[in-house]
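Down below is the structure, laid out as structure tokens.
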Amino acid sequence: MNARGFWIALACAGLVTLGSRPALAVKYGGILRTMATANPVSLSLYEGGGVSTSWPVIPMYSNLVWYDTFEPVEAPETIRPDLAESWSWSADKTALTFKLRKDVQFHDGTPFTSKDVLHSTDVLRGRGKYRIKLNPRKPWFQIVDSVTANGDHEVTVHLKRPQPSMLSVFASGYIPMFPAHIDPSKLRTMENGTGPFKLASYQRDHKIEMVKDANYYRKGRPYLDGISFVIIRERAAQTAALISHQVDLGTIFATPKPVYIELQKANAGIAFMERLTNTTVNIIVNTRKSPFNNLKLRQAVNLAMDRYALKRSVYQGGSEIGSAMIPRPQGLWGLTKEQLEQLPGYGDPVKNKAEARKLLAEEGYNEQNPFRIKVSTRAIQQYIDPAIWAIGELKQVGIIGELEQIDNLMWFTKVARRDFQFAINATAVGIDDPDAAFYENYSCDSQRNYTDYCNPDLMKKVDIQSMEFDTQKRKAIVNEIDFQLQREVARPYLAYRVDYYPYFPYVKNYIPHQSLYNTFRFDEIWMDK
């Protein structure tokens, strides 16, 4: 029996309600102990990026709509009500109306109303009284024409044209509702959300602690009294914390297959959940500055990368090869294995490396005059490993790479300034939808377009697929766009990481999603101890 069948059977027996699916004989109380690999770049989900922000901040906020906690693969049909109790589309699909709950308040006691939705969407769109310095999700809202309120408990998002992905955008963990009465810049160092947990303390480089909100609108939730995130940077220390039972579950994007194997050997009673994540390990190059404003040199470094060797060595089989969208069959929009092998850098690695050396020679590089570059990455082990591997691949075609490790807190500032030549990056798009991936990573004016790749003609194709409600027709256009991005070396993709989420079996209702950003609110988790 699959998971859905299990829950239906319980419902028929009168033991559980399908709407919220509480576990049987749950136990309230306890502090869940987990980890974070770095200090949050910001406590603002609007401005922050990466799991160092989302993992410890999402539990303090709520969205208009939310992906079902119990469905690990996210899709439009798994979207559930959150601060909005219902939603509806206009006949022409250009207006999305949300009816809001009337029993919600922020952690400071202020009631949640339509005013907060107007404020939040204004901030995200770069409009209104308050602006934020970093706004990486702004491209997601470029089709929004206006947002209007009908009283305190109804809002309508008016679109310039149909966009089927808009509901999924609001379900992203990066799009919570912020309070209208607080300058959003202040939320970089404090919180005031409507989520199940409230911030109790944040000790930089040590610990983030939160306690349950007794006024959380979902009655009976959360089950836990609080959560403690201890900040552990080093992989060996993270592994030791699990083996010695200092934590109840691991953190996200920190357990690649080699670590999973090590934890298994420890025989410490740890359980695991395997997920292909929406996280890509990719290359970003500065296309506006020498040397990588030269297409041939971008092609050379892309061809130098043996993606199959990366999967075998660094990830020991714990990854999948893909491109701009999650590969099939794990993702809806990605390319098939056969399609991927037609792309430069995905076929025969021997031929690819020979072609790379030829391109370098055409640009005047050889043994006497080697091409030298700096390879930048975050000073976190899961980023350092593929960066060292990439330097080895570059060396095989005559490119000399020098590793540069950057503190996580400085990383996004560095790439925002385009202060790099060649970098090993990790990108996890907020939702598995082409609009999120293409507008955020390739729009000419997007802050997250780290390579500054700009092709107005391609973006016209992106607009066309964005309006298409027929999934198969849309998929064909998306695949065409993906092919073009890889041929033009816009942002070479090396791997989609598989993560092996470690936890102890007494932690119940811990259900990692394919996405790193749209789950882990922790309101359904309880501990049988």
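At a threshold of 8 angstrom on Cα-Cα distance, excluding pairs fewer than six apart, so keeping six or more, what relative contact order does region 276-498 reach in percent?
Dividing the mean separation by the residue count of region 276-498 yields 35 percent.
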### Summary
Counting only residues 5 or more apart in sequence or on a different chain, those whose built amide H sits under 5 Å from that of His107 are Gly193
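For the chain, report the % of Cα-Cα distances exceeding 40 Å.
On the way: 30812 of 139656 pairs.
That fraction is 22 percent.
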### Query
What area, in nm² and to one decimal, does the C-alpha convex hull of region 174-255 cast on average over all directions?
7.0 nm²
### Query
Amide H of Glu404: which non-local residues (sequence gap of 5 or more, or other chain) have their own amide H closer than 5 Å, using H built in the peptide plane?
Val375, Ser376, Thr377
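Kindly state, as a whole number, the per residue volume in cubic angstrom of the convex hull around the alpha carbon atoms of region 276-498.
On the way: hull volume 24.9 nm³, N = 223.
Measuring per residue, one finds 112 Å³ for the Cα hull of region 276-498.
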### Task
Starting from the Cα of Asp152, step 7 Å along the direction of its Cβ; do the same at Ala25; then give the gap between the two resulting points in nm.
4.4 nm
### Query
If the limit is 30 Å between Cα atoms, which of Lys257/Lys296; Lys138/Lys289; Lys129/Lys473; Lys186/Lys289; Lys102/Lys460 go over it?
Lys257/Lys296; Lys129/Lys473; Lys186/Lys289; Lys102/Lys460
### In degrees, nearest ten, helix 349-362 long axis to first principal axis of the chain (Cα)
60 degrees
### Task
State, as an integer percentage, the relative contact order of the chain based on alpha-carbon contacts under 8 Å between residues 6 or more apart.
22 percent
### Query
Applying 1/(1 + (r/R0)^6) with R0 = 60 Å to the Cβ-Cβ distance of Glu85 and Asn294, what FRET efficiency is obtained, to the nearest 0.05?
0.65
### Query
Can you list the aspartates and glutamates whose alpha carbon is less than 12 Å from that of Lys351, not counting same-chain residues fewer than 8 positions off?
Asp306
### Query
So how far, in whole Å, is the C-alpha centre of region 428-505 from the one of region 94-138?
26 Å
### Value of [θ]222 nm, deg cm²/dmol, for the chain, DSSP H segments ≥ 4, -39500 (n - 2.57) each, nearest 500
-8500 deg cm²/dmol
### Query
So how far apart, in nm, are the two label points at Gln246 and Ile477 if each is 7 Å from Cα heading toward Cβ?
5.2 nm
### Query
Taking amide H positions as placed 1.01 Å from N in the peptide plane, with prolines and chain starts having none, which residues 5 or more places from Ser146, or on another chain, fall under 5 Å of its amide H?
His158
### Message
Give the aspartates and glutamates whose C-alpha is closer than 19 Å to that of Lys212, dropping any in the same chain fewer than 8 places away, or say none.
### Response
Asp82, Asp103, Asp108, Glu191, Asp225, Asp248, Asp523, Glu524, Asp528
### Summary
In order over region 506-514: 3J(HN,Hα) from phi, Karplus 6.51/-1.76/1.60, θ = phi - 60°, whole Hz, x for each Gly or Pro, gives 6, 7, 9, 6, 8, 10, x, 9, 4
### Query
So, in Å, what gap is there between the alpha-carbon centers of region 331-380 and region 206-272?
37 Å
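Could you put Thr239, Thr194, Thr110 in order, starting from the residue whose Cβ has the fewest other Cβ atoms within 10 Å?
Working: Thr239 20, Thr194 27, Thr110 16.
Fewest to most other Cβ atoms nearby, the residues stand as Thr110, Thr239, Thr194.
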### Message
How long are the semi-axes of the equivalent ellipsoid of region 130-205, defined as square roots of 5 times the Cα gyration tensor eigenvalues? Whole Å, largest first.
### Response
27, 15, 13
### Message
Show me, for region 242-247, the HN-Hα J-couplings you get by feeding each phi into the Karplus relation (A = 6.51, B = -1.76, C = 1.60, θ = phi - 60°), rounded to Hz, glycine and proline as x.
### Response
6, 4, 8, 6, 6, 10
## Note on the structure
At the level of C-alpha centres, the distance separating region 34-65 and region 311-330, in angstrom, is 25 Å
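Only the coordinates and a few stated rules stand behind these numbers; no lab work does. All figures in this text were calculated on a predicted structure; none of them were measured in a lab. Neighbour counts are summed over all protein chains in view; Cβ atoms, including those assigned to glycine, are modelled from backbone coordinates with ideal geometry.
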